[in-house]
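Reading through the structure tokens given below for one structure.
The values are calculated or read from the model by the stated rules, or taken from the named source; none is laboratory data. The model shown is predicted, which means the values in this text are computed figures rather than measured ones. Ideal geometry is used to build each Cβ from the backbone, glycine not excepted, and the neighbour counts take in all protein chains shown.
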Amino acid sequence: MRPNLALGPINSIAQYLLYLSIVVLGVLLPILVQKWRQRRLDAALVRRTLAALAEECRGNRAKLARSREGFAELARIFDEQYRHYEALWHRLGTPTADAAPPQPPEQSDVALTFPSLTRTAWDVAHVSNALALLPAEPLARFTRAYYLQGVLAEDFSSPLAVVTQAEALGAPLDLGQRRNVEARLHAIALGRGAVRAQIALSDGTLAAYDAALEDPGTA
């Protein structure tokens with residue numbers, strides 16, 4: 001028995017193909033509309049994710065830049081003190097060295113800040129599966145920035161060494177004895193090395209932020 005459709009009974013191959021095309025269109029059209037809507041939703045999610053990542057990285061960069069300034073100032077002070085004690089060590093090694101206790105260089109207070117770098121936007125993008133939708137180039141740059149940010153946030157050894165050695169410089173010593181000057185040089189060298197490591201890691205992270213924020217995909 002043939003169906004009596006709105007367009008009439010099927011009496012030819014042309015009518016059969018017409019009915020078939022209507023059925024196929026009725027099935028495919030909702031699928032195509034749904035895919036179109038999903039692409040729009042995905043594109044909007046990508047834009048929101050890139051904007052959120054860029055905003056978070058800008059904030060983190062500003063905090064890290066301020067922190068680096070403090071460490072750079074401390075590195076300058078360490079260099080100045082090291083040169084002073086190195087010259088003192090050489091003077092004490094000569095027979096005509098002055099026996100009077102030399103005066104150490106004036107110590108300045110430096111405000112060190114350890115920035116609290118957030119990763120909320122990155123975690124939200126991961127949970128929402130938005131990272132899989134991002135273009136490859138911006139994703140690679142943001143991944144590097146957040147990776148270095150994580151290394152910097154988890155490395156407490158360098159800042160702790162800086163604080164420890166800076167406090168050790170305040171210990172009273174008879175700087176008329178060469179071995180005490182050597183101990184002071186050793187403390188300064190350790191602190192200076194830790195400061196340089198912190199600055200180098202900060203510079204790498206700042207450069208990664210800049211690369212991510214300069215990418216056209218973040219505009």
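A quick yes/no check of all residues on (1) touching a helix residue (DSSP H, G or I) at 6+ places or on another chain (Cβ under 7 Å); (2) modelled with pLDDT under 90:
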| site | (1), (2) |
| --- | --- |
| Trp89 | yes, yes |
| Thr94 | no, yes |
| Pro101 | no, yes |
| Gln107 | no, yes |
| Ala111 | yes, yes |
| Ala121 | yes, no |
| Phe156 | no, yes |
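Would you say Asn180 is of a type outside the set (A, V, I, L, M, F, W, C), within 27 Å of Tyr209 (Cβ to Cβ) and modelled with pLDDT of 80 or more?
Values: of a type outside the set (A, V, I, L, M, F, W, C): yes; within 27 Å of Tyr209 (Cβ to Cβ): no; modelled with pLDDT of 80 or more: yes.
Here the answer is no, as Asn180 does not meet what is asked.
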>> For the stretch 70-91, give me the residue count where each residue is surrounded by 15 or more Cβ atoms within 10 Å (Cβ to Cβ), more than 37 Å from the chain's Cα centre (by Cα) and free of Cβ contacts under 8 Å to residues at least 40 places away in the same chain.
In response: 0
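For (1) modelled with pLDDT under 75; (2) touching a helix residue (DSSP H, G or I) at 6+ places or on another chain (Cβ under 9 Å); (3) part of a helix (DSSP H, G or I); (4) buried (at least 16 other Cβ atoms within 10 Å of the Cβ), each residue gets a yes or a no:
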| position | (1), (2), (3), (4) |
| --- | --- |
| Pro159 | yes, yes, yes, yes |
| Gln165 | yes, yes, yes, yes |
| Gly176 | no, yes, no, no |
| Ala200 | no, no, yes, no |
| Thr205 | no, yes, yes, yes |
> What are the residues in the stretch 127-157 that are surrounded by fewer than 17 Cβ atoms within 10 Å (Cβ to Cβ) and outside any helix (DSSP H, G or I), if any?
Replying inline: Ser128, Asn129, Pro135, Asp155, Phe156
>> I need every pair where a residue in the stretch 196-219 that is within 16 Å of Leu112 (Cβ to Cβ) has its Cβ under 8 Å from the Cβ of a residue that is at pLDDT 90 or above and among the hydroxyl-bearing types (Ser, Thr, Tyr), sequence separation at least 6 or different chains.
In response: Ser202/Ser67
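So is Lys63 of a type in the set (Lys, Arg) and at pLDDT 90 or above or not?
Working: of a type in the set (Lys, Arg): yes; at pLDDT 90 or above: yes.
Yes.
Taking Ala14 as the residue in question, decide whether it is at pLDDT 70 or above, out of contact with any Ser or Thr (no Cβ under 8 Å at 6 or more places or on another chain) and not acidic (Asp, Glu). Can you show your working first?
Details: at pLDDT 70 or above: no; out of contact with any Ser or Thr (no Cβ under 8 Å at 6 or more places or on another chain): yes; not acidic (Asp, Glu): yes.
So Ala14 fails the test.
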